[in-house]
Structures are given as structure tokens and as C-alpha cells.
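Remarks on the structure that follows.
Quick note: the coordinates plus some simple rules give every number you see, no bench work behind them. Treat the numbers as computed from the prediction; the structure is a model and nothing was measured. FYI the Cβ positions are ideal-geometry reconstructions off the backbone, even for glycines, and counts take in every protein chain you see.
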Amino acid sequence: MASTSSGAPPVSPLARPLPALSAVRGVRLGAVAAGIRYRGRPDLMLAVFAPGTTAAGVYTKNRCPGAPVVWCRMAQASSPTARALLVNSGNANVFTGRKGEETVRQSAGAVASMLDCPPEDVFLSSTGVIGEVLPVQPIRDALPAAHQALSEDGWAQAARAIMTTDTFPKAARRETRIGNTPVVLQGIAKGSGMVAPDMATMLAYIVTDARLSQPVLQTLLDEGVQTSFNAITVDSDTSTSDTVLLFATGQADNPPVSSAADPLLNDFRTALDSLMEELALLVVRDGEGATKLIEVCVEGAESDHSARQVARAIANSPLVKTAVAGEDANWGRIVMAVGKSGEPADRDRLSVAINGIWVARHGTVVEGYDAAQVDASMKQPEIRLTVDLGLGQGKARVWTCDLTHGYIDINGSYRS
């Protein structure tokens, strides 16, 4: 973020407006300005859940996680339930040692005292600058106002309060059923840089009014992240703070579900997976400096795992991403990325398509393909790159964005 004031960078050309959001039974949200780093905007979000709410989470695999991630892992291991979620923006509380741990402990304790619940039932997240001590006093001072601001309709403000270099707030909603019982899912997310597919690639919080046990909820989340939050990348950098949390308030009177494999959950799983994919794509649409959304599809690999590795190599390639930024259909860079992935590939079986037009087949250029048509298609805001390895049945899909000078502008002045 080039400025810590209320000034903001231009909204991404790939932005999507907030959808119509409404209440989810069993959760209230409030957002306030605590003045932690930003001025003139909300930067602290509090969500309070009905007693008995179950919680599931996935967290960064970065070996230098922030103090809030360590706390959430502990909280989830200690109790299957959650009463609150507290998120601040502007300071990530990462690489802050014992002072960071103490801020987390005091923050959770203050919320727990307010709600008369165990501190382990309070989940925490922080996002922003790394290596600066997060002062606890502004958070403690702002908590009464955040509590007073709690509302069933506080979703939009909450989505804005967790933003850092994001240029637009991100949310999604689904309505579905478990058996014959209507249930709702709604979620918010933040992220635009330091995003790579490695078990939660940003911050995202999803709430449903369904009644589901913690083990079932965790299984659904673990499965769903693989084709959503773990299938996006902006810059190949895995954040120290990545967290995706899923809460079930239990306010819907749906039939009991003992296993994630229960057919009663078929519609719910589809809705959850769809919601998570939408949130993940909103993050890519807001990639720092992005002007193009890129979908990378790999098929014909020896396995799905191999296909994912190839797709990630393409999606993370600066040469591929800058070519797309320049609207240059340079498919040789795609071939290069396939080869550098380290996965099984045969040059003479490899085929490449750009926006549905095959430009290379079985290791050689397609004679007479319409280069002008391909070039024209590169001007679209959404680009699809397809690779067929011709080796097996493995397939995968990853989304990324182009790499422009805007990424340098944002990250070169992030702390100032």
C-alpha cells in the first residue's frame, strides 16, 4: 500500500461489485477504526457467533507463521467450538517474538472477557506489514465500539475492514439445502499480493447456519480448498498469515449428519465449493497491478498431482505473466514453463491452446493457425491457456493474473 491514509489505489479493472449480502443466523459483525496503521477507515473487525458454533480452519504452510496463525491452530486443537473472530488490518503481527504472542493472548482474553467464554473460543487474524510489533492497546480500546457495532448486517463493513492492498471488498453468498432444510453460506475474503497455492492463500471467513460437527466441517473445508484457495497464485509467495476459517452456527434445523460423505451433504458441498472458488477468483482479480485474469488448464498428465505442478509452473512464470500483460501470444514461454516444472513431459506429445485456439500440436506449430485471431483474443480481460501433455488422464486448473509494472509500484513502496 503506497499510503496509510484514506487515499487508495485505483480499483482493479477486473473488480466485481459486492453481491447482495444478508444475515446469517447466529453471527453478528462489527467493524471500527482502531488506528493501528491506517487512518480514516475501519481496520478492526469483530464477529460474534452463537454458543455451540463449530469451527474448521486451514492455515499457511509458511515456516514463519504469524502469532495469530499459531494461536488459531492451538484454539482449534483445544476446542471444536468458536464464539468470536477478531481481525485487524495494517499489521500482520509476524516476526514479533514474545511481544506478538502477548498481543494475541491479551486480544483473545479481552474478547473472551467481553463474551464470558474461554479464550480458546476466540479466533484471531492479522494482516499487513511484517516485522512491526502490533500494539495491543489500540485493539483493547476499540473493542467496546466494535462490540457495540455488532449487527447481523455488518458483512460489507467487515469485508472492507480486513483489506490491505486490496482495491475492492470481496464477498460471496449461496443458498442451498441439507435434506429439505434451507441453509445459507456467506463469506468474505481479502488478498491481492503474497498469494500462492499452499493451503489457504489469503484470509477468508465463511459462515453457515447449518448444524454440522467439527470433523464434518473440517473435511468439507480440506476438500474444498484444493480446487479453490489452493488453485490460485498471484506472485508465487506464500504469506505468513494465510488463513481460511469455516464456521457453522447450528441455527438451521437440518437433519443430523455424521459423515462428510453423507449424500445429504451433496448440495451443501457443491454450494460451499462454488462459494470458495468465487472468493478465490476475487483475490486473483485483485492481484496487485493485475489487468488480466488467467486460467491455466492442464490435461493429459500422468496424474492430477503432476498436472497441478505443471499448471503452477505456468501460472507462476514471470515470462508467461508478462507476455499476457503485453497481450503477446508467445506460446513458447508456455512450453518453457512446462519443461521447467520437473514433471513428466514429452516435447513431441505436447499441445498448446490460447483462448481455445490450438497453436501447437504434438510438439510442433499448427500449420496455418489464425495468428491474427489469437493476437486479437489476447486483448480480452480473461485469458485461458490450455496444455495437453498427451501422457495420461491427469488434469488440473489454476488461476493467476498478469504481471505489470503496477505490482512493482505497490510492493516497492508498501511500508511507506
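Quick look at the numbers
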| item | result |
| --- | --- |
| Hull-based mean projected area of segment 63-185, where the convex hull spans the alpha carbons, in square nanometres | 9.3 nm² |
| Computed lengthening from S259 to D153, 0.36 nm per intervening residue step minus Cα-Cα distance | 35.0 nm |
| Mean projection area, nm², convex hull over Cα of segment 22-63 | 5.3 nm² |
| Column: log10 I(q)/I(0), Debye, Cα scatterers of segment 101-159, q = 0.14, 0.18, 0.28 Å⁻¹ | -0.45, -0.74, -1.30 |
| Net +/- balance of residues flanking A159 in space, Cβ distance below 10 Å, scoring K and R +1, D and E -1 | +2 |
| Gained length - R349 relative to R25, 0.36 nm times residue gap less alpha-carbon distance | 111.3 nm |
| Dimensions (Å) - segment 353-408, Cα atoms, principal axes, largest first | 37, 30, 16 |
| Distribution of pairwise C-alpha distances over segment 217-365, 5 Å bins, in % | 1, 8, 15, 17, 16, 13, 10, 8, 5, 3, 2, 0 |
| Percent of C-alpha pairs per 10 Å bin, the chain, short to long | 5, 23, 30, 24, 14, 5, 1, 0 |
| D_trans [Stokes-Einstein, Kirkwood Rh over alpha-carbon pairs] for segment 245-333, 25 °C, 0.890 mPa s, µm² s⁻¹ | 148 µm²/s |
| For the chain, share of DSSP beta bridges that run antiparallel, in % to the nearest 5 | 70 percent |
| Calculated P(r) tail over 12 Å for segment 130-171, as whole % of Cα pairs | 70 percent |
| Alpha carbon convex hull of segment 292-380, volume per residue in cubic angstrom | 83 Å³ |
| Within segment 32-162, percent of DSSP bridges classed antiparallel, to nearest 5 | 45 percent |
| Relative contact order of segment 53-212, pairs being alpha-carbon contacts under 8 Å that are 6 or more residues apart, as % | 21 percent |
| Residue-span extension gain [E223 to K379] - 0.36 nm each, minus C-alpha spacing | 52.7 nm |
| Order by protection proxy (mean Cβ within 10 Å, highest first), peptides 82-91, 164-173 | 82-91, 164-173 |
| Acute angle (nearest 10 degrees) that the helix 214-225 long axis makes with the longest principal axis of the chain, alpha-carbon atoms | 30 degrees |
| Cα→Cβ-extended label distance, 7 Å offset, between Q106 and Q137, nm | 0.9 nm |
